[in-house]
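These notes concern the structure reproduced below.
The values are calculated or read from the model by the stated rules, or taken from the named source; none is laboratory data. What you see is a predicted model; the values in this text were computed from it and never measured. A quick note on method: Cβ atoms are made from the backbone with ideal geometry, for glycine too, and the neighbour counts reach across all protein chains shown. Quick note on the areas: whole protein, heavy atoms, side chains included, nothing else; ligands and nucleic acids left out. Shrake-Rupley method; radii C 1.70, N 1.55, O 1.52, S 1.80 Å.
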Amino acid sequence: MKTVYTCFCTDVIHDGHRNIIREAGKYGRVIVGALSDRALIRYNKFPTITQEERVRLYRSISGVDEVVLQDDMLYDDVILLIHPDYVIHGDNWREGPEAAIRANVLGQLEKYGGELIEVPYTYSEKVKKVDRLLKEKLAMPEYRRRRLRQLIGMCPIVKVIEAHSGLTGLIAEKTVVEENGKLDQFDAMWVSSLCDSTARGKPDIELVDMSSRLRTIDEIMEVTTKPIILDGDTGGLAEHFVYNVRTLERMGVSAVIIEDKKGLKKNSLFGTEVVQEQESVEEFCAKISAGKHAQLTDDFMIIARIESLILEKGMEDALTRAFAFVEAGADGIMIHSRKKEPDEILEFCGRFRERDRKTPIVVVPSSYNTVTEEELTAHGVNIVIYANQLTRSAFPAMQKTAEDILRFHRAKEVDDRLLPIKDIITLIDEL
Ligand code: SPV
Ligand code: MG
């Protein structure tokens, strides 16, 4: 008997999937691949049920003979293993980022005379509703909040990009690239104090107050589903921090990162060019503990950021603080540097990992930007934050456009580098 293979990554079975299984049954024995979490999160919506639950769900569909786990978004391994006579898929993958996966499958099948069957994608109202419901579910606080911890468990390194508005949130949410047939996207968003302040034309000195920061988060949450890490500056007074932890948790923020500075905070990238004072280990530990006591869920993370390298207090000071902060309850450590080379960050990670194998390490390679995600992963880093690149790329582009309109006394000369009107009006999803 011939075999027919299809790969699913859905959490809900709708008419479209049932149609594929029905069609597949006409050609032979139906094997469904359940795309693993690890593979799924790189190109599709985040799962709302576990990998094991998905396998059970697919097994329960009438007409399915066998379910296997597909551990890569490309079908190479599974095709090698099963050697299906047919692969069946909806025709919606002919365009867009998934076209690369389709091309790869065709190449694999061609090698031994396998065939691809494409069935028209089911665009019914019911199917659209299921898609919408899944998206809305992912945006709910309880799903969004726990997703960062889930990602840390699933990804070699969690990739985070800055967002400070609905629009930058959409870029973080929707940008997908294809490289060597594989798709990739960001995992989470960083609500940077620098970029949130800059977008308001304000300096990064904790002048933009928590209410305004919460407004920014809410704007981003309205249009996205990915988890949010808030740059909480110093965390303010411990007595205030505990209330803010509760608020953030309730909103569905996944983590707050607070830095061990006190007094008037200035941006770390100034380093020692401005006066900045580090908080004592005892005081900062007390703030972390207070925050941990205040939180209600197990999902929320309070991550301690160490400024010793920024303030040139040395590696030993950074490490002493890291271990003390973890002892006080910190769920992660962010180590920051403004050196051009990653050496001191990598040394810190290596030495921290000698004693602590599991506490997540977060880094922000803004100045030591030659370091790769692969190198960071190899040194035990769990989260990489691209903290300000979106803001820094938008600013010169807007400035140049403004200058050129003034220079040419019309807008024609700048038009070539603008997003077409059609694209900007379709960028925002309609309900
Ligand atoms: C931010 O993005 O606001 C940060 C990171 O705190 S840095 O600007 O590098 O200090
Ligand atoms: Mg900041």
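Worth a mention:
- Placing +1 on the Cβ of every Lys and Arg and -1 on the Cβ of every Asp and Glu, with nothing else charged, gives segment 1-150 a dipole about its Cα centre of roughly 760 debye.
- Long-range tail of P(r) for the chain (Cα pairs > 37 Å, %): 34 percent
- GNM flexibility winner over the chain from Leu419, Leu248, Leu138 (Cα, springs under 10 Å): Leu419
- Computed over the chain, relative contact order equals 12 percent, with contacts defined as Cα pairs under 8 Å that lie 6+ residues apart.
- When each of Lys128/Lys174; Lys45/Lys128; Lys137/Lys287 is checked by Cα-Cα distance, pairs over 21 Å: Lys137/Lys287
- As computed over segment 140-387, the Cα convex hull volume per residue (Å³): 119 Å³
- Probe 1.4 Å - accessible area at Met334, Å² to nearest ten: 0 Å²
- Sorted largest first, extent of segment 91-164 alpha carbons per principal axis (Å): 47, 36, 23
- With a cut-off of 15 Å between beta carbons, the residues surrounding Arg59 carry a summed charge of -1, where Lys and Arg count +1 and Asp and Glu -1.
- Charge tally in the Cβ shell below 15 Å around Val32, where Lys, Arg are +1 and Asp, Glu are -1, Val32 excluded: -1
- Segment 187-229 versus segment 38-102: alpha-carbon centroid distance in Å: 36 Å
- Taking Lys and Arg as +1 and Asp and Glu as -1, the other residues whose beta-carbon sits under 13 Å from that of Val12 total +4.
- Quotient of Cα Rg and 2.2 N^0.38 Å for segment 154-217, N being how many residues it contains: 1.34
- Of all the options Gly329, Gly114, Gly236, the one that moves most in a Gaussian network model of the chain with Cα springs shorter than 10 angstrom is Gly114.
- Averaging the sequence gap over all C-alpha pairs within less than 8 Å and six or more residues apart, then dividing by the number of residues, gives segment 21-67 a relative contact order of 50 percent.
- About its Cα centre, the chain has a charge dipole of approximately 840 debye under the convention of +1 per Lys or Arg Cβ and -1 per Asp or Glu Cβ, with nothing else charged.
- Euclidean distance between Cα centres, segment 307-374 to segment 377-405, Å: 22 Å
- Among Ser192, Ser268, Ser280, residue whose mean-square fluctuation peaks in a GNM of the chain (springs only between Cα atoms under 10 Å): Ser280
- 4 °C / 1.567 mPa s Stokes-Einstein diffusion coefficient of segment 3-128, Kirkwood radius on C-alpha pairs, µm²/s: 89 µm²/s
- Applying both filters, DSSP loop and at most 14 other Cβ atoms within 10 Å, to the GluC sites (Glu not before Pro) of segment 66-166 gives Glu95.
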